[in-house]
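In what follows, a single structure is set out as structure tokens and then discussed.
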Amino acid sequence: MAQEKPDTDFEVSGGGTIYLLHPLTEAAAHWIATHIPEDAPMLGDAVAVEHRFIGTIVEGITNDGLTVQ
């Protein structure tokens with residue numbers, strides 16, 4: 001059975017000091033590979049992002065035509 005493409009490319013979870021940026025599509029994984037430093041902290045497949053950077057990252061994602069939930 002074929003998997004359906006998720007409606008959203010990224011999911012942001014967490015809050016406070018650290019947010020987790022979860023790629024949900026191949027396009028999202030590619031965006032991370034090309035825009036996030038290779039040595040960024042990871043938790044599973046999610047990028048751990050300090051609160052002071054999450055807004056700018058989400059803005060960059062949406063400016064590139066991807067969606068964030």
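The values are calculated or read from the model by the stated rules, or taken from the named source; none is laboratory data. Worth saying up front: this structure is predicted, and the values here are computed from it rather than measured. Cβ: placed from backbone, ideal geometry, glycine included. Neighbour counts: every protein chain shown.
List of remarks:
- Residues that are more than 15 Å from residue 68 (Cβ to Cβ), assigned to a loop (DSSP other than H, G, I, E, B) and in contact with a strand residue (DSSP E or B) (Cβ under 6 Å, 6 or more places away or on another chain), drawn from region 36-53: 40, 41
- Residue in region 14-35 that is at negative phi, of a type in the set (Asp, Glu), touching a strand residue (DSSP E or B) at 6+ places or on another chain (Cβ under 7 Å) and not in a loop (DSSP other than H, G, I, E, B) present: no
- Cross-chain or 6+ apart pairs with Cβ under 6 Å, region 1-29 first and more than 22 Å from residue 40 (Cα to Cα) and loosely packed, with under 14 Cβ neighbours inside 10 Å, then among the charged types (D, E, K, R) and at pLDDT below 95: none
- Comparison of 39, 64 shows that the only residue that is in contact with a helix residue (DSSP H, G or I) (Cβ under 8 Å, 6 or more places away or on another chain), surrounded by fewer than 18 Cβ atoms within 10 Å (Cβ to Cβ) and among the acidic types (Asp, Glu) is 64.
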